[in-house]
Amino acid sequence: MDATNIVDVVSEFVNLRKAGVNYKGLCPFHDDKTPSFMVSPSKQIFKCFACGKGGTVTSFLMEHEQITYPEALRWLARKYNIEIEERELTDEEKKEQSDRESMFIVNEWAKDFFHNTLKNDPDGVAIGKQYFRSRGIRDDIIEKFQLGFSPQKRDALASAALKAGYKAEFLVKTGLCYRPTPNPSLERRGEDTSASEEENAKGNYSPPSQGGAEGGSLRDRYAGRAIFPWMNVSGKIVAFGGRVLDSRTKGVAQKYVNSPDSDIYHKDHELYGIFQAKRAIAKEDCVYMVEGYTDVIAMHQCGLENVVANSGTALSVYQIRLLHRFTQNIVLLYDGDEAGIHAAMRGTDMLLAEGMNIKVLLLPDGDDPDSFSRKHTAEDFRDYIKEHQTDFIQFKTDLTLKGVTDPIKRSEAIADIVKTISVIPDPIKRDTYLHDCATRLGVNEQTLLNSMNKDIRANREEKRKEREREERGEASLPNRTIVSPSGDEKGAATSIEALLIREVIRHGEEIIFDNVETEDGQTVSLTVAQYIDYDLGQDGLQLSDERYRQILQEAVEHSGEKGFKAETYFVRHPDPAISQLAANLAMNRYQLSASMDVPQREGNLSRQVIHLVLDFRMDIVTRQLKYLQQQLREAGNDMDRIKEVLNEQKRMQELRNALARQLGNDIIGR
C-alpha cells in the first residue's frame, strides 16, 4: 500500500484532471454526466458523490474489475513489481491447490479445443456453426461466449488431450470425459454406443479410484454436441454445457448435459453468463434472471447484457449472494406458460430474505427470451420489459387469488402472501407491501399486521437464542432492555451511528478530555474513541452495525499506541469491508487547499462528539416509543398488558425529555 499511488492506478481506467488538491473525473460505476468522481492522493482514497461508491485502491479494483481482495493485491503487486510472500503450504494443501489448478488448465484447453473445432473443423463448421446460425447467434456473440462444438467421434477430445500431455485423471475429474461401466449384454448386441450415450446423459459412469488405465477407455461426455462454456465471476472455465443438435433431440431425455459437480464446480454456486454480465449488472444496478444458455445469449444480442441464467434450477443462497455483490434488484424473466410461472415462484422467499428487490416479467405464452428476441427488435424487447415487469408481491397476489372465491382457500392464499412479506428484512418495505395488500385485497391492515408479526416471530424463533444477547446489547437503557420497533433491525445502522463512526475514523486518536478523574481517584485522558466507548458502555449500549462495533473496538485498543492515526489505520485495514467504509467516511466532497485549511478550534470536537452520542441515545428512545405505540395497538383488551406498556411509555417519554434538555443546552453552548 505504501508503494501504491491511487491516482496512478485509477488513471488506467478513468480520465482524471486536477481539481484543487484532488483529482476529478467521470465515475466508471454509473452513467456520470458531470464529473462527480473524486480521488484524493493525500488520503489515497476515491469517492463518487453521485452514486456513493468509494474506497481505497484495492476496493476500486475489486469494484471495477469485479475481482476478489487477494486478486486486487496481486494486481497491484504485478504493477509495482512487488514480490508477494505467501506462507508455506502443507503437502496436502499443495496437492489440493495443484489439482484445482490442473483442472482449470484442462478446462481452459478444452474450451479452446471446442471453439477451434467450431471455427475450423469441417464438421464443426457444417454442424455446430450452422446450429448457432440457425438460432440467429452472431459471430461476435460466439466469440464473446467462446461457444464451441465437440466432434462426433466419441474419444476425439480424450485422444487430443492425452496427446497434448494432459492427464486422464483430470479429464475425468472435470467431467470432460468418463469411463463407461462395462455391459457385456449390450456389447454383444452392438448397442454399446447408444447405451453409453444414455450413461453419458445421466452421468452414470465409474471413474477409477486413481485415474489410471483401469475401468475402460475414456469417452467424451459431450461428443456431437454444441458447447456452452461456464465461466465463473473471475472468468475461469469451471464447467461446460452440451446440447444435442440433430434429430436425436426428439424424445431424448436430456437435450442438455452439464458438467458434474467437481472440486472447481458446484452447480448451486455458479450462474451462467455472470462473467460477461457483471459490469453491466453493477452499472445498471439490476440483473435479469432467465432459465437457459440461449436466453442469456439472445438478450446480449439485443444489447441487454445484465442477464444471467440459473439453468432451470431453484436459486441457492450462494447464487443470490453472488448477485447481491453487484445489485439488489432482480427481474425474473420467464415464458408465460405454467412451467415459466412455476420457475418464477421458486426461491423467491429466499431472494426476499436476502434483501433483494424482485420484479417478475412473463413473456407471451409460447415464447421464451430466445424466441421472443428473434421475433422483435432490440428496442421492442426493451420496451416490453419496461412496460410489463411487475413487482413480485403484486404478481403473487394476482396469481394466487385469481378466480378464488372459496373463503377458506382465499384466506389460505392471503396467509401465504403475508408469510412471503414477512421474510423481507427491511421493515419499511415490509410495512409498505402490507399496506398495499390490505388496500387491494380489502382486508383490515391490522389483521394482516398481526398475522405477519406471528410469521416473523416463527421465522426468528430458531435464531433468537443465539442473537438474544447481541440484540439486547444494541438498544438497552438503564435497568431495561429495549427491543427495536420492528423486532428485527439487527445490523440496520442509523445515519447517526455513521456520523459517530466518521468521528472515530477521522479523529479517533485525538484527546478530547484531559485529566478526567475516575471512580478510584486516578486521572486519565480520553480520546474520541475511548469517550464514545465509555459513554455507551455505561448503559450497555452498542452500535447496531457489526463493522461499526469493530471499528470502535479497534480504535479503543490502539488509542494508546504511539503514532496511531485512526484514519490511516482504517483506510488501510486488511478487511476490505472496513477499509472501504473508512474511505467512504473519510472523504470530504469539498476540500480546501493546504494554505486555506482552517484547523478545528479546541473544544469544538468534544462538543460535536458529545452531541452525537446524545443524538444516538435520542434515536434509541424515539424508536422504542414507536415500538411501544405498536404494542398498544396489538394489546387489544388486555388491560394488564396495556398498563405495562403505558408505564414503559411514560418512562421513555421522561428519558426523551431529559435528553432533549441536554441537547438544547449543548446547542446553546455551541
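The values are calculated or read from the model by the stated rules, or taken from the named source; none is laboratory data. Please read these numbers as outputs of a predicted model, since none were measured by experiment. Counting neighbours? That spans all protein chains shown, and the Cβs are built from the backbone with ideal geometry, glycine included. What goes into the accessible areas is simple: the full protein's heavy atoms, side chains included, and nothing from ligands, DNA or RNA. Shrake-Rupley method; radii C 1.70, N 1.55, O 1.52, S 1.80 Å.
Descriptive notes on the structure:
- Exposure of residue 284 as accessible area (Å², to 10), given a probe of 1.4 Å and all protein chains: 110
- Checking the Cα-Cα distances for 429/454; 129/267; 33/359; 163/255; 167/255; 111/267 against a 20 Å cut-off, the pairs over it are 129/267; 33/359; 163/255; 167/255.
- The relative contact order of the range 267-345 comes to 38 percent, based on Cα pairs under 8 Å that sit 6 or more residues apart.
- Per-bin percent of Cα-Cα distances, the range 1-93 [5 Å]: 3, 13, 23, 22, 16, 9, 5, 3, 3, 2, 1
- Note on the range 275-363: Kirkwood radius taken over Cα pairs, Stokes-Einstein applied at 37 °C and 0.692 mPa s, translational D equal to 255 µm² s⁻¹.
- Summarising the label geometry, the points placed 7 Å from Cα in the beta-carbon direction at residue 13 and residue 443 lie 4.7 nm from one another.
- Ordering 219, 651 by accessible surface, largest first, gives 651, 219; the 1.4 Å probe counts only protein heavy atoms, with every chain in place.
- Nearest-10 value in Å² for the accessible area of residue 411, using the 1.4 Å probe: 60
- The Cα center of the range 407-438 and the Cα center of the range 360-375 differ in position by 29 Å.
- Local electrostatic count, residue 24, Cβ distance below 9 Å [Lys/Arg +1, Asp/Glu -1]: +2
- Over 30 Å (Cα to Cα) - which of 24/79; 375/396; 47/626; 153/236 fall in this group: 47/626
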